[in-house]
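Notes for the one structure printed next.
The values are calculated or read from the model by the stated rules, or taken from the named source; none is laboratory data. All values reported here derive from a predicted model rather than from experimental measurement. All Cβ positions, glycine included, derive from the backbone under ideal geometry; neighbour counts span all protein chains shown. Just so you know, the surface numbers come from the protein's heavy atoms only, side chains and all, with ligands and any DNA or RNA stripped out. Shrake-Rupley method; radii C 1.70, N 1.55, O 1.52, S 1.80 Å.
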Amino acid sequence: MWNKAIELSSKSHPGPIVHISDNPMDEGKLLIGFESGTVVLWDLKSKKADYRYTYDEDKNKGDQRWRRDWIFCVREAKAIHSVAWHHEGKQFICSHSDGTLTIWNVRSTAKSIQTIAPHGKQIKDGKKPEPCKPILKVEYKTTKLGEPFIILSGGLSYDTVGRRPCLTVMHGKSTAVLEMDYSIVDFITLCETPYPNDFQEPYAVVVLLEKDLVVIDLAQNGYPIFENPYPLSIHESPVTCCEYFADCPVDLIPALYSVGARQKRQGYSKKEWPISGGNWGLGTQSYPEIIITGHADGSVKFWDASAITLQVLYKLKTAKLFEKSRNKDDKANTDIVDEDPYAIQMISWCPESRMLCIAGVSAHVIIYRFSKQEVNTELISMLEVRLLYEISDVESPDIEQLPTPSGGPNSQPVLLQSHASTSSGSSDGLRDNVPCLRVKSTPLKQSAGYQVELVIQLVWVSGEPPQQITSLEVNSSYGLVVFGNCNGIAMVDYIQKTVLLNLGTIELYGSNDPYQRQPRSPRKTRQPSGAGLCDINETTTTSEERCKSPTSAKMSRKLSLPTELKPDLDVRDNSFSRSRSSSVTSIDKESREAISALHFCETFTRKPDTSTSPCLWVGTTLGTVLVIVLNLPPAGEQRLDQPVIVSPSGTILRLKGAILRMAFLDSVGTLVPPAYESWREPNVPEDKDEKDKTKKRRPVSVSPSSSQEMSENQYAVICSEKQAKVIALPSQNCIHKHNITETSFVLRGDIVTMSNSLCLACFCANGHIMAFSLPSLRPLLDVNYLPLTNMRIARTFCFTNNGQALYLVSPTEIQRITYSQETCENLQEMLGELFTPVETPEAPNRGFFKGLFGGGAQSLDREDLFGELAAGKPSRSLAQHIPGPGGIEGVKGAASGVVGELARARIALDERGQKLGELDERTAAMLASADSFSKHAHEMMMKYKDKKWYQF
C-alpha cells in the first residue's frame, strides 16, 4: 500500500511508481521511486522504510520537516523519471523533469549530495537552475582506474529548438552530446561484469531508436559507433521495387560482398560488434539467394537472403550520374516528377554475366557492368530516344509494314525504321527533345562494383513528357537492352551504343493489326493539367486503365506507398470480364497499347523454320505476342563493327488479358534459359587464349546456336492476366490451355523450378496463390493466401525458384513465404537460436574486512519474505489464476456422450503430460543446482583447508 511505503500519516498520493531496484550490496533493501519526487528505501526484513528522500525546491523547509516528524513535502518536489545505483550501494542518482540530476547518500537523507544540470546554466548564489527538458533515463557506471560514467537521455535546454534527440555521456569533467537520427526509446550500458556490486567497467552503450539500433563505443575517444552487421530497416529510402533470385551462381555473393566491404564509411569503431548472443540456423537449403531492392532515392541494394538471413552485400547509387537541380527554376524545367526523380521502377539482372539494367521513374534506363577494379570515366555514354505515339501520314499506312505471316524463310527481312532523335526545339515553343534528367558532363570516378556502361533517356515530344517504362529486359550474350511503354518499344545495342529499334506499338503490327484502330496524334486531345498517367502505385488495375490518353506537361509520379487500395478491386475487375477484342468501344484505350512483357531467346520464329535463331518475343497489354528476329554478327571484332539487323517475323499470337510472362521449354520439358555470356573482368585486357575460351564457352552455356539444325520441337509458355497457354514450335499450335481466373486477374506470374521440375506460379488479385505443372498446365496448388489490400503488395510480389516468394508486407518489412513442402519440413532447422549458454563470470571477492563489518553483498531468499508461509495468503484484490474453459471443468459442461468422454480423456492426458514435463524439468534443474553447489563447496574446502585463521 502506498501510504505504508511513505508514511501512514501522509495524505498526499505519491503518484505512479517509476522505479524499483535492490541495493547492490543488500538484496533486503528495496528502493522505490514515485513519480511525484518521493524515493523510499524499504527494508524487506523489518517491513518498514529505512529512509525516505524527497527533491524539494525549498531545501531548508524540506530539511526541517524531515527531521521534525519524518514526513516530507511532496507538493513542491520535482518529478522523478529514473534512478540508478552506485555499485557500492551507498549512493544513488535520480533524474528529474526539470533536466537536473541529484545524487543522494543512503545515510544522509537531509538533502542531496550534489545537484547537476548537464545542459543548463551553472547554479550560482543559490539561484534556481535554468529549466531544461526532462531527463528520461540515467545510468551510473563505475570504473576501477577512472571517473564514473553518467549516461543520460534527454535533458536538453529548451533553447535548442529543432535539435535532434541526444544521448549525453558524462565522464569526469568531459561531457559528450551524441545526436541520434530518431527518437530514443531506451538505452542500456554494456559492462564487463553482470554483478551490480562490482566495478562495472562499461565499454559500450546500446541505444534503441524508433527505427534503428545504435551501439556506441565508450573505450575510444569521440565515442564512435559500431558498424551494425544486421539490417534493421531496408527502408533507408523507401523501397519502390524488388526482385528475388534463388539458386544463383555460387561465386556471386562473395563477389558482391568483396566490393561492398570497400564501401565502409569512415568513423566507425575499429572493434567488432560487441553483442554475440544467438546463432544462425543451418538448414538443408544451401543454395544462394539474393534480393535486389530499388529505392526512391535512386539507390539499388543487393541482399544475401540465403536460408533465413538477410545481410546487405552492396549498395549502388544511380543518382550520382545526374546533375542535381540547384534552383527552383531549373528544377521546374528539367523534372517531370514532383518527388524522387531518381526512383527505381524496374530491374533486369543477369546473374551469370552480372549485367544490371535499371529503369527509373524519369523515363531513364541505365546499364551497368560489374568490375572489381576502380575506373575513371571521362565522359558518361548517353543516348536519347524519341519514343512517341504518332503517325504523321494516316492516308499511307505502308510506311513501315511488316511481312505477312505467310512469308517463308527465304523472304527478305524488312528493316524497322527508327525515329530521328535530334535535339532541336519545336516551332511552337513547346518543350521538345529534352530529357527529364541532366547527365553529368564532368569525369566520374567509379569504385569497384557496378560501373555505368550506358545511360538511355526518353525525351519530351512536342510538349508531352515521356511515358513511364512498363517493361525492361537485358541480354548479355546479344549485347542488347530493350524497353517499352504506352507509346512503343525501343531496342539499344549497348556495345556499339546505337539505337536499333524505335517504333510505336501499332507500327509493330504493320498490316497485320487485328484491331481496327485509327492512328492519331496525342497532341490533339491533351488532358487538362493534373489528369496525368495513372500513379505508379495503382498500376495493377486493368490493362486498359494502365495506358490512358497522354499526360499533361506536369505529371505526378510520387512514389509514396499507400496502405489502402483506393478503388475497389471488384469494381476494377468488372472491366476485366470483357474480351480484349476490337469490339471494345473506347478507341483511346485500344490505341494506347503498352508493352507489358519482353523475352530474349533462341527459338523458332516462323512456322516453316527448321533451326532456331536469336529473337525477341514482345507481349502487350491487349494480349498480343509478336516475334522480332535478331541477326547478330559473329562474336569478337566483327561484333564491334558490324550492325545488328532487326527484322519482324510476322508471327502473332493472342491471349486473353495482358501478357505477363514468357518462357521456353525444349522437347523434354526442360527450361531453355536466355542466352548469356559468363562474367569476365571488363577493365583488364584479355589475352588471345582467354578470348578463344570465351568464344568456345558461349554456345555451351546457352541454348543451341542458330547454325545447328534442330529436329526437336520447342514449347512456348505464355502467361497473361487471365489464362496460360503452351504453344508448340515451330508449328505454333496450342497444345495446352488453362483459364487461370474468371472473376479476378493475375498480378504476377513466373516460371520457376521446383524439385528438378518446372511449374507456373501465379498470384491473383483475389489473394490466391496458384501453381500449374508444365507443360501440361495441370493445377498443383490453389491457396487463398492474401487478399490484396494495398498496391504495395501487388507491385512487389515476385516468385523465384525452389518454391520461394517475396513481397513488401508493410512500408518497413519484407515478407518471404514458401510453397515448398521441403522447405516447410526443414523450417525448424533453419530457425536460429536467440540465446546461447555462456559461463558465468566469477563473482567479485568478498574481502575479510567487508565480511567482518558487514560491508559485502548480502543475498536474500525472496521466498522466505513473500511466500505464503511468511507473508500469509494474498488479499482478495490481487489477481488469481482461474482455470478457463479449456480445462476439464469446461469440457464437462460443454460435451456429453462418447465424444465428450474422448475430449475429456485427451485434455486430461495433455495436462498430465504437461505436468510431468514440468516436473521433469524442475527435477533436472534441482539436480544441476545440487551438482553446482557440491562443486563450489568442494572448491571452497580445498581453498581454505590449509590456511590459518589470521590468513583469512
Out of the residues in segment 4-53 meeting the condition of being modelled with pLDDT of 70 or more and polar (S, T, N, Q), tell me which one is nearest to R107 (Cα to Cα). N23
Checklist (1) open to solvent by less than 50 Å² (accessible area, probe 1.4 Å); (2) at pLDDT 85 or above applied to T694, failing item: (2)
Of the residues in segment 184-218, those that are open to solvent by 30 Å² or more (accessible area, probe 1.4 Å), in contact with a Ser or Thr (Cβ under 6 Å, 6 or more places away or on another chain) and not aliphatic (A, V, I, L, M) come to F199, E201, E210, K211
Selection from segment 87-109 of residues that are open to solvent by 30 Å² or more (accessible area, probe 1.4 Å) and out of contact with any strand residue (DSSP E or B) (no Cβ under 6 Å at 6 or more places or on another chain): E88, K90, S97, R107, S108
Mind listing whichever residues of segment 720-761 are buried (at least 19 other Cβ atoms within 10 Å of the Cβ), closer than 21 Å to Y819 by Cα and hydroxyl-bearing (S, T, Y)? T741
Mind counting the residues in segment 251-282 that are open to solvent by 60 Å² or more (accessible area, probe 1.4 Å), assigned to a loop (DSSP other than H, G, I, E, B) and within 26 Å of E833 (Cβ to Cβ)? 6
Options G619, G669, G636, G623: the member that is closer than 21 Å to I727 by Cα and either touching a helix residue (DSSP H, G or I) at 6+ places or on another chain (Cβ under 7 Å) or modelled with pLDDT under 85 (or both): G669
Residue list for segment 429-447, restricted to those being assigned to a loop (DSSP other than H, G, I, E, B) and either at positive phi or surrounded by fewer than 20 Cβ atoms within 10 Å (Cβ to Cβ) (or both): G429, L430, R431, D432, N433, V434, R438, K440, S441, T442, P443, S447
Anything in segment 151-175 that is closer than 23 Å to E88 by Cβ and open to solvent by less than 20 Å² (accessible area, probe 1.4 Å)? List them, or say none. I151, L152, V169
Taking segment 830-843, which residues are open to solvent by 100 Å² or more (accessible area, probe 1.4 Å) and in contact (Cβ under 8 Å) with a residue 12 or more places away in the chain? E833, L834, F835, T840
Scan of segment 587-631 for residues that are in a loop (DSSP other than H, G, I, E, B) and buried (at least 20 other Cβ atoms within 10 Å of the Cβ), ordered by number: R592, E593, A594, F604, T605, R606, T612, T621, L622, G623
Only one residue in I645, I652, I659 is open to solvent by less than 10 Å² (accessible area, probe 1.4 Å) and of a type in the set (A, V, I, L, M, F, W, C), so which one is that? I659
Among all residue pairs at least 6 apart or on different chains, which show Cβ distances below 7 Å where the first residue, located in segment 496-512, is acidic (D, E) and the second is in a helix (DSSP H, G or I)? none
Members of segment 174-213 found to be within 25 Å of E839 (Cβ to Cβ), in a strand (DSSP E or B) and β-branched (V, I, T), listed by number: I188, T189, V205, V206
Which residues, taken from segment 365-381, are surrounded by fewer than 18 Cβ atoms within 10 Å (Cβ to Cβ) and part of a strand (DSSP E or B)? V375, N376, T377
Of the listed residues (L480, L444, L458, L472), the one being touching a Phe, Trp or Tyr at 6+ places or on another chain (Cβ under 6 Å) and not aromatic (F, W, Y) is L472
